[in-house]
Structure formats: C-alpha cells, structure tokens
1. Which FRET efficiency value, to the nearest 0.05, is calculated for residue 37 and residue 151 with the Förster distance at 51 angstrom and r the Cβ-Cβ distance?
2. What number in nm² do you get for the range 137-207 if you take the convex hull of its Cα atoms and divide its surface by four?
3. According to a simple spin-label model (label point 7 Å from Cα along Cα-to-Cβ), what is the distance in nm between residue 278 and residue 161?
4. What ranking, highest mean first, results for peptides 264-277, 113-126 when packing means the other Cβ atoms within 10 Å averaged over each residue?
5. Please report Rg over Rh for the range 37-196, where both radii come from the alpha carbon positions and Rh follows the Kirkwood definition.
6. Using only helices, what value at 222 nm comes out for the chain when you add -39,500 (n - 2.57) per DSSP H run of length 4 or more and divide by the total residues, to the nearest 500 deg cm²/dmol?
7. Binning every alpha carbon pair distance of the range 16-100 at 10 Å from zero, what are the percents per bin?
8. Which of the peptides 102-108, 1-7, 42-48 is most tightly packed, and how do the rest follow, judged by the mean count of other Cβ atoms within 10 Å per residue?
C-alpha cells in the first residue's frame, strides 16, 4: 500500500473524524455493547472503539464505498485515506469523486488532519512522495540523539527503533552482531569498542538514509550469505538503467543454521526473502543476482539434499531467473556487497552438502497427473503416476 502511493505528482491525505463512531451498529447487536453507569444501563448505537472486529468492519465499509477507485486513484487503510494522481490536472476530478462518495454515505473527515494537493506527506509512519519512500526525520533524530546504551533496557530500546527502520538499512542483522552477545541471559552488560563502532556506523548510515522506490518493472534480488547472517536487497532499474533500492532485509542465523554449508546458507537467504517479500514475488518476475554460480547449478541439478529439495519446491512456484553479477551496472550492488563482506577463505563450490551419490541410474521418466477440488465439507487432491511401463498408480488425500 505504501509502495502504491509513491510515483504520483499530486497527493491528498485525509483522516476519518472518529471513524468507528460513524458506523451504525446492527439493531440486534446494540444490547451486546451495554455498560452500566450510576445513572443506568446504556448501549452504543454506533460502533465504539475497542470491539474486536471494529477495525475489520470499518475497513470492509471503506472497501465497499470506494470499490471502483481503490488501488487506482485512492489507497485506504482503516480511516487513513490517500487520493493520488499521476497528473496534477486530474487531481481535482479525483477529489470530487471521493467527496461525492463521502457525501453519499455521510462520512466525515477531520479537517485538522487533512492535506490537499501536496507532493509528500506522512502515511502509515513513512514519508511518501513521487520519488519514493523515506524515513520520517523525527525517527532518525531519535536514534542520532541517543547516547550509548548503559544497560540491557536501553539496548533493547535502540534495537526496537532500528527494527522499525530495518527496511532502509542494509545488512542490519550483520551490523548488529556485537549487540547479540549482550542480549544473552546472565551475560554482564559491557559496552566494548566493537559495540561502540557499530553504534557509530549506524548513526553515520542514517545521516544519509536511502530513498526506496516502488516496484514497477522486473525486480532484481541480490542475495548474500555471510558466516553468521544473511542479507537481501530488492531493487529495480530506473530509466537510466541503474538500480534503485526497494527493500533491505537481513537476519542472523540460528545455531543450527550456522552449521549449514555455504550453498545452503545462500539458499536460506533466498527462502527468507520469499517468506518476507512474497507479495513482490507473486506480482513480479525476479532476476536473482549472486556471486555464487552454484545457485544456478543447484536450481538445475536433479540430485539434491532433503533440505535443498524442500526449498527448491518453494522457489519453483515463482518466476525467478538467475543473472550473473557482472551483468549488473550501477552503484547499488557495490554498496550492498561492501555492507556484506565475505571472508576470502569462505569458498562456494559446486559440491552439494550431504550428498553421497554412489551411482546414478538413469531410468525413463514417469508421468504425473494432479488435480484438486474443494466444497463446503472440505478439500482434497488426487495424484496419478504412470510409470514408464504403463503401470498406473493412483493416490488421493484430504486436506485438513
């Protein structure tokens, strides 16, 4: 939703005036909101704040009211409404359509929280403008003005603020590795030189934070696996053929993941990207960029370990194409790799882990037919295998 708001010349931001209270309660449900006072028992005629399904109900109402305009010239998140126009001359027309719908359904906006015909404004805690998405300066200043943490509570406060900005910070998990030791239980809090260096480097990075653009073209996914963390950068080419950053991701590895081979760590980074950025993978083709050629090798090799085979099934549902690093131009890639240094002795080879292949028997391929169905009682699927000798092996199962 934030991505969809960028790239527009004219923007108008509106906020509902006590939005929940503008939704009428169903007559049969009014008594369910009853509450006792010294002067008697009362109930709500309009939807109060605090009901479990209030947010969903309000969002559903907004989607019904603006159904023909949603994701075209407006974006709506609960009571936050954004009217967007590619051309400034169209903005008054778009606003008129929105006001007509508001008047038709008698919805009121809070004038003190509205901004009309602007080029940038705060939306869902970030600053959106035609050029892209930016961090609110107040959030940056909150970190820049922080003194070095003196105890575990102040360190957690710092990490909470950084987590809010993680989409903008390259290799955040790798940068914060020295903090991990202090977060362990029963470890005395000692702010050493390594922690101080990380703290200062993060402040220096935030002095010139990146502007993230919205996806409109085939996306480029940079994947890096270090010894203790993985890093991801989602980017796209601009009109000049250079890369613009869309999203940064990183995380540290668990104790079990630290035992993975380099190729598995690389795959772990890719799976992590799919899990966190699945909506991008579903709606765009992805060009996968990595220094390690074995990534392309694994995606085409017929013999895989159990773990790599499971991960490959997750990758197979998306349109992912491998692209060599040398084919990428621009400064985004060098900057990203500089934030993810890889030890010189940490080599990636074409040898797959846990693969002790004594002999490979080449047999004629089988055919597989698959179908599924669902109804009000449940869902199920059926699979039919036809061997090279013509033998039919049917299987069926229910989905719970």
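1. On the way: r = 45 Å, r/R0 = 0.88.
Computed FRET efficiency for residue 37 and residue 151 comes out at 0.70.
2. Numbers: hull surface 17.8 nm².
Average of the hull's projected areas for the range 137-207 equals 4.5 nm².
3. 3.3 nm
4. On the way: 264-277: 20.4, 113-126: 14.1.
Listed from highest to lowest mean packing, they are 264-277, 113-126.
5. Values: Rg = 22.7 Å, Rh = 20.2 Å.
Checking Rg against Rh, the ratio lands at 1.12.
6. Working: 13 runs with 122 residues, N = 400.
Rounded to the nearest 500, it is -8500 deg cm²/dmol.
7. Values per bin, smallest distances first: 15, 38, 25, 14, 7, 1.
8. Values: 102-108: 12.6, 1-7: 18.3, 42-48: 14.9.
Ranking the peptides 102-108, 1-7, 42-48 by packing returns 1-7, 42-48, 102-108.
Read-outs: derived from the displayed coordinates by stated rules, not from any lab. The structure displayed is predicted, hence computed values, not measured ones. Heads up, the Cβs are rebuilt from the backbone with ideal geometry, glycines too, and the neighbour counts pull from every protein chain shown.
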